[in-house]
Amino acid sequence: MLPKGWKLGFRNKLLVASLLCLLLPASITLYISNSYTEHILRSQVVQNERRSLEQESMYISNLLSNLVLVSNYIQFDPGITLILKENWQRSKLHQPDTAKNVLEFTEVTEKLISVTSMMEKTFVTVLTSDGQYYSNDSYAKLDVGALMLQPWMEKARQQPAFELYWAGVLDNYIPTRAVTSPQVLTIARNLKLSSNSTYATVIISIAESRISQIFNDNREGQETLLIGPDGTVIASRDKARLGQPFALAHELTGTADSRFMDYRNEQYLLSSLDIPYGNYRIVSLSPYREAVSQISATHRWSTAVQIMSGAFFLLILVLLVRQFTKPVIKLDSVAARVEQGELGIRSGVRGYDEIGRLGKSFDHMLDRVEKMIIQIKVEQAQKRKAELAMLQSQINPHFLFNILNSIRLRIMMRGDEENAELLFSLSRLLRMTIQQRDEYTTLHDELHIVRSYVELLNFRQADEVTLDTDCTSESLGLKIPRFLLQPVIENAYIHGLRQESGRILIRTWTQDTRLLIAIEDNGRGMDEVTLNRLRAEVGSEPPELETMPSSRLAHIGMSNVYERLYLTYGSAFQVTIDSIPGQGTTFLFVLPEEIPDQG
């Protein structure tokens, strides 16, 4: 629960609820969208990098494939192999033939030039065992002695027949081409006789720039390399890295691999793809931020547009809510002023919607309240007048009670105890009738009133009526409406005993939170027709006071008793009447022990 100072008004609650209902789903949607977008971005970057590597791999594979094809051409061309074998044979027999050597040199050179004519910056050299060489470059000046001492050359000459030796990237061994092509990627193959004697070595090289030029289209910060099986860099835009070990070579696994990793305090995408020649692998290392820069920019713009649109519509929502709740705020202000006592103020809020009808009803309610206040003031004035009149009227009963007491004392002094007791009963009955203002009395006091009433009845008639009571102690303290029993006793005396001598028995007891009062007489009783008429007159349904004849309202009878019971208990009471001709009549009242709150 919010602190008291933080309690919100209706308008603010509506605004907060509206904002929550809009912002919360929007935030969740944006969060989920960003999460999925991040996942999609990563997948897209990996796919893009994979396609780029595949294109670059295809280009490099074609270059290396051409080198292999040239090597195969030299090895399996009958003209070239025949010349090389004859040259080896003459060298072994120490039978040099200068003229023939010149012709053969021209023939082999032309073939080498022809096979590499469409291959830019590709250098082919065929070394014979006697130290001669053939090349596709007529101007090539080769230091064969120095070349033969190179470590890679020694490894190449140890290769078996038909095996290619991938020497990797080397400094250009052709001095005349070292300026334009300082580094070359080189392969070598030994040409051997059936006796496993090497009669020539084929060296084919391609300028490293032919390979690395495809990397020039890489994004800023992206680094693409061609690395050898030992992890050294073979081709790169950064020439300083050639021949150097690749720092992340140990992270490469499988023939095709892509992974995100932290490198140089930044997240990078490391991708690699094997090339089907020389166990070479093309590797791409690009910053993730740069890889997704274009897509991220589009996503950021899209998110910004969504946020600005959401903020704009939220502003419109706030303005609309403020406009729609103005009548409510006005009603609240009017209600506060009414609470301070300004009953003459009116809201003036009207309309065809619920708030308009509420404002109209509120104003009508204030009109009725004002009329009721005026009516209450009039009634209060009349009540004060009635109270004054009642106080004035109490003077006469007091005078009457004093006179009756004086008469009773005088009669008692003369020794007439019977008449003195009769006057005492009359005085007590009148006092209970006139002075008691309470609507309810205890059953004990009500029995005293009934006994005084019976004593007065016996004084009027020659035949006495005997009143007996059989009441449980717990029932005597319960409250009942005043003068509930007297009309029933009177009815029993007049209609049951026919104003003759007889016996009236009052029994009271409690049962299941109910008070039961039975009044029995031993009079003549009633036949079935008379009993049904009396039951219908008293009835179990509440009487219609507006339509009741004035004659019935004027005397105290059974209908009056039923009416008072209904007004007091509602439908929570029961009255049953039973009678047997010649034996008497019984009235049974079943009342709740507790009198309901009258509000």
Report task. Hey, can you tell me all the residues within the stretch 498-511 that are of a type outside the set (A, V, I, L, M, F, W, C), modelled with pLDDT of 90 or more and out of contact with any helix residue (DSSP H, G or I) (no Cβ under 6 Å at 6 or more places or on another chain)? Result -> Arg503, Arg507, Gln511
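Consider Ile480 carefully, then state whether it is outside any helix (DSSP H, G or I), within 60 Å of the chain's Cα centre (by Cα) and crowded, with 18+ Cβ neighbours inside 10 Å. Talk me through it step by step, then tell me what you get.
Details: outside any helix (DSSP H, G or I): yes; within 60 Å of the chain's Cα centre (by Cα): yes; crowded, with 18+ Cβ neighbours inside 10 Å: yes.
Taking the combined requirement at face value, the residue satisfies it.
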Query - Given (1) modelled with pLDDT under 80; (2) in a helix (DSSP H, G or I), index of the condition Leu320 fails - result: (1)
Query - Residue that is farthest from the chain's Cα centre (by Cα) [pool: residues in the stretch 142-167 that are of a type in the set (D, E, K, R) and closer than 25 Å to Ile275 by Cα] - result: Arg157
Report task. Would you mind stating whether Ser475 is in the same structural domain as Asp527 (by TED's automatic domain parsing) and polar (S, T, N, Q)? Result -> yes
Query raised in the report: Out of the stretch 194-218, which residues are of a type outside the set (Val, Ile, Thr) and either more than 23 Å from Leu63 (Cα to Cα) or surrounded by 19 or more Cβ atoms within 10 Å (Cβ to Cβ) (or both)?
Result: Ser194, Ser195, Asn196, Ser197, Tyr199, Ala200, Ser205, Ala207, Glu208, Arg210, Ser212, Phe215
Requested in this report: Only one of these is under 30 Å from Ala235 (Cβ atoms) and modelled with pLDDT of 80 or more: Val283, Val334. Name it.
Outcome: Val283
Report summary line: Scanning the stretch 108-146 residue by residue, those aliphatic (A, V, I, L, M) and surrounded by fewer than 17 Cβ atoms within 10 Å (Cβ to Cβ) turn out to be Ile113, Met118, Val144, Ala146
Requested in this report: Quick one: in the stretch 502-532, of everything that is in contact (Cβ under 8 Å) with a residue 40 or more places away in the chain and part of a loop (DSSP other than H, G, I, E, B), which residue is surrounded by the most Cβ atoms within 10 Å (Cβ to Cβ)?
Outcome: Gly523
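Would you kindly identify the strands (runs of 3 or more DSSP E) lying entirely within the stretch 121-190 that contain at least 2 residues that are under 22 Å from Arg241 (Cα atoms) and touching a residue at least 60 places away in the same chain (Cβ under 8 Å)?
Ranges flagged: 164-171.
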Query raised in the report: Tyr352 passes all but one of (1) part of a helix (DSSP H, G or I); (2) farther than 21 Å from Leu30 by Cβ; which number fails?
Result: (1)
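The values are calculated or read from the model by the stated rules, or taken from the named source; none is laboratory data. As the structure is a computational prediction, the values presented were derived from the model and not from experiment. Ideal geometry is used to build each Cβ from the backbone, glycine not excepted, and the neighbour counts take in all protein chains shown.
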